[in-house]
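J.: Below you will find the structure I want to go over with you.
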Number of protein chains: 2
Amino acid sequence: MPDFPADSRPTPPVRYGSRPTMKDVAARAGVGLKTVSRVVNGEPGVTLETESRVRAAIEALGFRRNDSARVLRKGRTASIGLVLEDLADPFYSPLSRAVEEVARANGSLLFAGSSAEVPEREQELALALCARRVDGLVIVPASEDHRYLEPEIAAGVATVFVDRPAGRIDVDTVLTDNAGGARDAVAHLIAHGHRAIGFIGDTEGIYTADERVRGYHEAMASAGLPVDEGWVSMGPTSPERVRSELDRMLSGPAPVTAVFSGNNRVTVTAVRVLADRPDPVALVGFDDFELADLLRPGVTVIAQDPVRLGRTAAELLFRRLDGIAEPPRRVELPGRLVARGSGEIPPPSA
Amino acid sequence: MPDFPADSRPTPPVRYGSRPTMKDVAARAGVGLKTVSRVVNGEPGVTLETESRVRAAIEALGFRRNDSARVLRKGRTASIGLVLEDLADPFYSPLSRAVEEVARANGSLLFAGSSAEVPEREQELALALCARRVDGLVIVPASEDHRYLEPEIAAGVATVFVDRPAGRIDVDTVLTDNAGGARDAVAHLIAHGHRAIGFIGDTEGIYTADERVRGYHEAMASAGLPVDEGWVSMGPTSPERVRSELDRMLSGPAPVTAVFSGNNRVTVTAVRVLADRPDPVALVGFDDFELADLLRPGVTVIAQDPVRLGRTAAELLFRRLDGIAEPPRRVELPGRLVARGSGEIPPPSA
DNA sequence: TAGGGGCTGGACAACGTTGTCAACAAAGGG
DNA sequence: CCCTTTGTTGACAACGTTGTCCAGCCCCTA
């Protein structure tokens, strides 16, 4: 029941392919542009009667506010970017979900992208996100030098690194205590009687890989155990490499009796390889994975908490966006040893 | 070696907190606004000498083009949106990675969001993405009525549904042949001698769940087998429910000798439950999962191809954006039965 | 009934970019 | 030597929204 003659002004036709704007809505409702804006944004100062007329026009035209224009005007985009190694990696996908959850709670949308462990791609992605003027960035770095982010950070893009630290810039960082977890893993094997323990890790230069091998060496050293040079292998986590390295370690001149695997992909391959062997070999893996408890024996792991990692990082980010100005923080979350059987296999001689 | 006196005009200071614009760059380089735009976009018609002066200014100021403004001007955002049930679900994360990969190949960024199976949240997310003026949407629907998308689609937002069809609108869709896969699964169990086969599926109303239970009934019917009313259970995939339903089916008055589980979460719980039983129970699951081959017995599954699902959907979307105008297409990808042992266990009596 | 105060509504500029168009200089042809 | 052509450059409007500010209007009071 419109209280004005419905046909007193021509209603513009719904144009396909080009969207109606506030101007169109205003024309159709017979009000000013700003009044439409007020209705759309729930601002006060519009009579109920005017508001309902505007709402009817919005409905009729299928109007939806253009947030690009809004962003341009307001400065804030209410979106954050996430750059990680691989969206599909079972370790990172709960992390991204946690980031998304926090973003949602703060009214933000999430841009997500995978670097595929290629430094140039990380940079390309991060800068593309900055060009979109994301309010903040959560980054699992693949590169070693992040000075390229300095202008962005100076311009106010809140930035938090997760899982691995940033290179050559000082920013908020959320990490797991990788070296500590590795020490625990190796100490666990030593406690079960092992002396010859192999380590198969990810490519050298990746922070987590380096920290874990460091923890391995520390644990061996503090137990007074020598490390044979063939016991440590760093490289790509491809099944082929892991398989051949494992075979080498288990059958070389100084064979290992236990294996510490440096991440979940390595662990999975290791489980496969070890299952083919006649004698059981002790195994502890870094990173938990689904069904680890269902295997026989269950796989003992150092479990990180990817959800907490992501949540902590995102919360830190939004605290920055709320204007908290503290020096960059470095949060380190503990790993947790979950004993399931594979790590408690004694050495053959014992 | 600038060929103009470096101090002939005052260089504006780098303002922190607010970013330099093309205007700033132009002022610093002593050129017009449009010339900066040309350099930034690699348009022809700029002398090498002018270009280098502009580049120097860009470098010095840390300028990065504001893509929000660009989007506003150009209309296309070079970004697409992905709405799915759960970013962290091991089934959907390879799908999202595949979508991301195709987006990247087409020069687009990806907005990702989880609906958590809540219809309102799906709609809220999809419309928020439309307000950001994404060029297209890939949606794994959680709701039953998608007419709310009609104005968006009319306005040119390319839209593709994956894994589940859209409700009450006619759009491009990419699905797995769920009923067919379910028929294969049940037929496989029947071929191994089973007559009493239970089905535990996801909540009724979810398309894939309904299709799979339909396939189950079809396979039983076409083998001339009756279905006891206690053999079919639909509901949430929580471990508690799955456990109690399984226990009920296996020990009731008409106990089943084999189980067909309706998705990977159900399957995982089923494996756990069945591992606790003294006698082996045959099991086939819908959806493959990592390590299914490592369990003893290996778990027989109907494998979908989430990567292909995602890739196909995204490619369809970009084909639409390239202006292909065909009626909406419905692509159905086959499932593949992977026999690993658990499905080949004979019934106890045999 | 005139004047003042509180609401409501609209005109206008600005956000940073790109498309259009015209100005200008240098080069070439008659 | 002038006119045309080619190539380089910049002024200006427009994209759709929001913030500022001012003009009416209504109601109340004196």
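The values are calculated or read from the model by the stated rules, or taken from the named source; none is laboratory data. Only a predicted model underlies this, so the values are computations on that prediction, with no experimental measurement involved. With ideal geometry, Cβ positions are generated from the backbone for all residues, glycine too; neighbour counts draw on all protein chains shown. Remember, those area values only see protein heavy atoms, side chains included, never the ligands or the DNA or RNA. Shrake-Rupley method; radii C 1.70, N 1.55, O 1.52, S 1.80 Å.
J.: Would you mind telling me which residue in B:Leu149, B:Leu87, B:Leu48 has the biggest mean-square fluctuation in a Gaussian network model of chain B, where springs connect alpha carbons within a distance under 10 angstrom?
T.: B:Leu48
J.: For helix A:48-61, report the angle its Cα long axis makes with the longest principal axis of the Cα atoms of chain A; keep it between 0 and 90° and round to the nearest 10°.
T.: Around 70 degrees separate the two axes.
J.: Also, quick follow-up: Where Lys and Arg each count +1 and Asp and Glu each count -1, what net charge lies around A:Trp231 among other residues with Cβ under 12 Å from its Cβ? Provide the component values of the computation, followed by the final result.
T.: Values: positive: A:Arg195, A:Arg248; negative: A:Asp228, A:Glu229, A:Glu245.
Within the 12 Å Cβ shell, the charges total -1.
J.: How high is the relative contact order of chain B, given as a whole-number percent (alpha carbon pairs under 8 Å, six or more residues apart)?
T.: Numbers: 603 pairs, mean separation 57.5, N = 350.
Once normalised by length, the contact order is 16 percent.
J.: To one decimal in nm, how far is B:Glu150 from the same spot in the other copies, if labels go 7 Å from Cα toward Cβ? Please give the shortest first.
T.: Label point to label point, same position, other copies: 5.6 nm.
J.: Enumerate the amide H contacts of A:Met234 below 5 Å, restricted to partners 5 or more residues apart or on another chain; note that Pro and chain-start residues carry no placed amide H.
T.: A:Gly201
J.: Identify which of A:Val25, A:Val186, A:Val160 has the largest mean-square fluctuation in a Gaussian network model of chain A, with springs joining Cα atoms closer than 10 Å.
T.: A:Val25
J.: How charged is the neighbourhood of A:Gly215? Take every other residue with its Cβ under 12 Å from the Cβ of A:Gly215, and add Lys/Arg as +1 and Asp/Glu as -1. Don't jump to the answer; show the numbers that get you there.
T.: Working: positive: A:Arg183, A:Arg212, A:Arg214; negative: A:Asp177, A:Asp184, A:Asp210, A:Glu211, A:Glu218.
Once all neighbours under 12 Å are counted, the net charge is -2.
J.: Moving on to the next point. Can you list which of the GluC sites (Glu not before Pro) found in the stretch A:77-169 are DSSP loop residues with at most 13 other C-beta atoms within 10 Å? Let's see the in-between values first.
T.: Details: sites: A:Glu85, A:Glu100, A:Glu101, A:Glu117, A:Glu120, A:Glu122, A:Glu124, A:Glu144, A:Glu152; in loops: A:Glu85, A:Glu117, A:Glu144.
Qualifying residues, ordered by number: A:Glu144.
J.: For each pair in A:Lys34/B:Lys34; B:Lys23/B:Lys74; A:Lys23/A:Lys74; A:Lys34/B:Lys74, compute the distance between the two Cα atoms and list the pairs where it is over 21 Å. Display every interim value, and only then the final one.
T.: Numbers: A:Lys34/B:Lys34 31 Å; B:Lys23/B:Lys74 19 Å; A:Lys23/A:Lys74 19 Å; A:Lys34/B:Lys74 24 Å.
Checking Cα-Cα distances, A:Lys34/B:Lys34; A:Lys34/B:Lys74 exceed 21 Å.
J.: To the nearest Å, what is the center-to-center distance of the stretch B:38-104 and the stretch A:79-124, using C-alpha atoms only?
T.: Taking the Cα centre of the stretch A:79-124 as reference, the centre of the stretch B:38-104 is 17 Å away.
J.: Which of A:Tyr207, A:Tyr148, A:Tyr92 moves most in a GNM of chain A, Cα contacts under 10 Å?
T.: The residue with the greatest mean-square fluctuation here is A:Tyr148.
J.: In whole Hz, what ³J(HN,Hα) sequence does the stretch B:192-206 give by Karplus (6.51, -1.76, 1.60; θ = phi - 60°), x for Gly and Pro?
T.: Karplus values, whole Hz, x for Gly and Pro: 8, x, 7, 10, 9, 10, x, 10, 10, x, 6, 4, 4, x, 6.
J.: What share of the DSSP beta bridges in chain B is antiparallel, in percent to the nearest 5?
T.: Working: 3 of 39 bridges.
Among the beta bridges of chain B, antiparallel pairing accounts for roughly 10 percent.
J.: What nm distances, shortest first, do you get from the label point of B:Ala69 to those in the other copies when the point sits 7 angstrom along Cα to Cβ?
T.: Distances between equivalent label points, in nm: 1.7.
J.: So which residues in the stretch A:59-80 end up with at least 30 square angstrom less accessible surface once the other protein chains are there, compared with the chain by itself, probe 1.4 angstrom?
T.: In the stretch A:59-80, residues shielded by partner chains: A:Arg64, A:Asn66, A:Asp67, A:Ser68, A:Leu72.
J.: If you put a point 7 Å past Cα along the Cβ direction, how far is that point for B:Leu337 from the same point in each other copy, in nm, smallest first?
T.: 4.6
J.: Explain nothing, just compute: Karplus ³J(HN,Hα) = 6.51 cos²θ - 1.76 cosθ + 1.60, θ = phi - 60°, for every residue of the stretch A:25-41 in order, whole Hz, x for Gly and Pro.
T.: Once rounded to whole Hz, the list reads 4, 4, 4, 5, 7, x, 10, x, 4, 5, 5, 4, 4, 4, 5, 4, 9.
J.: Continuing with the same structure: Considering only DSSP states other than H, G, I, E and B, which trypsin sites (Lys or Arg not before Pro) in the stretch A:67-117 qualify as loop sites with at most 15 other Cβ atoms within 10 Å? Mind showing how you got there, number by number?
T.: On the way: sites: A:Arg70, A:Arg73, A:Lys74, A:Arg76, A:Arg97, A:Arg104; in loops: A:Arg76.
Those satisfying the criteria are A:Arg76.
J.: Please figure out what share of the DSSP beta bridges in the protein assembly as shown is antiparallel and state it in percent, rounded to the nearest 5. Write down the numbers at each step before the final one.
T.: Values: 7 of 79 bridges.
In the protein assembly as shown, DSSP labels about 10 percent of beta bridges as antiparallel.
J.: So what does B:Leu95 come to for accessible area, using a 1.4 Å probe and Å² rounded to 10?
T.: 0
J.: For the Cα atoms of chain B, what angle does the longest principal axis make with the long axis of helix B:306-321, in degrees from 0 to 90, nearest 10?
T.: For helix B:306-321, the angle is close to 40 degrees.
J.: Roll a 1.4 angstrom probe over the protein heavy atoms and tell me the percent of accessible area of the protein assembly as shown that is carbon or sulfur.
T.: Details: 15940 of 30270 Å².
Reported share for carbon and sulfur atoms: 53 percent.
J.: With +1 on the Cβ of every Lys and Arg and -1 on the Cβ of every Asp and Glu, and nothing else charged, how large is the dipole of the protein assembly as shown about its Cα centre, in debye rounded to the nearest 20? Show your work: numbers first, answer last.
T.: Values: 84 positive and 98 negative charges, 529 e Å.
Roughly 2540 debye, rounded to the nearest 20.
J.: Please give the FRET efficiency for B:Arg296 paired with A:Asp279, using the beta carbon to beta carbon distance and R0 = 25 Å, rounded to the nearest 0.05. Don't jump to the answer; show the numbers that get you there.
T.: Values: r = 17 Å, r/R0 = 0.69.
It comes to 0.90.
J.: Could you report the buried accessible area between B and A, both sides summed, computed with a 1.4 Å probe and given in Å² to the nearest 100?
T.: On the way: alone 17800 and 17770 Å², together 30270 Å².
For B against A, buried area totals roughly 5300 Å².
J.: Once amide H atoms are placed 1.01 Å from N in the peptide plane, what residues at a sequence separation of 5 or more from A:Val31, or on another chain, have their amide H within under 5 Å of its amide H?
T.: Under 5 Å from the amide H of A:Val31: no residue qualifies.
J.: I've got another one for you. Over the protein assembly as shown, average the accessible area per residue using a 1.4 Å probe and give it in Å², no decimals.
T.: Spelled out: the 1.4 Å probe surface of the protein assembly as shown, per residue, equals 43 Å².
J.: Moving to a separate point now. Computed over the Cα atoms, what is the radius of gyration of the protein assembly as shown divided by 2.2 N^0.38 Å, N being its residue count?
T.: So the Cα radius of gyration is 1.10 times the expected 2.2 N^0.38 Å.
J.: Taking H as built 1.01 Å from N, whose amide H comes closer than 5 Å to the amide H of A:Leu82, not counting residues under 5 places away?
T.: A:Phe111, A:Ala112, A:Gly113, A:Val138
J.: Here's something else I'd like to know. Helix B:92-105: angle to the longest alpha-carbon principal axis of chain B, degrees 0 to 90, nearest 10?
T.: In chain B, helix B:92-105 runs at an angle near 30 degrees to the longest axis.
J.: Would you jot down the residues in the stretch B:117-139 that end up with at least 40 Å² less accessible area in the complete protein assembly than in the chain alone, with a 1.4 Å probe?
T.: B:Arg121, B:Ala131, B:Arg132, B:Arg133
J.: Is it possible to state the helix-based mean residue ellipticity at 222 nm for the protein assembly as shown, with each DSSP H run of 4+ residues giving -39500 (n - 2.57), the sum divided by total residues, to the nearest 500 deg cm²/dmol? What is it?
T.: On the way: 24 runs with 282 residues, N = 700.
Helices in the protein assembly as shown give a 222 nm mean residue ellipticity of -12500 deg cm²/dmol.
J.: Tally Lys/Arg at +1 and Asp/Glu at -1 over every other residue whose Cβ is under 15 Å from the Cβ of B:Val186; what's the total? Please list the in-between numbers first.
T.: Values: positive: B:Arg183, B:Arg195, B:Arg212, B:Arg214; negative: B:Asp177, B:Asp184, B:Glu211, B:Glu218, B:Asp228, B:Glu344.
It works out to a net charge of -2.
J.: If a paramagnetic tag sat 7 Å from the Cα of B:Leu33 along the Cα-Cβ line, which residues of the stretch B:69-85 would have the backbone N under 17 Å from that point?
T.: Backbone N within reach: B:69-74.
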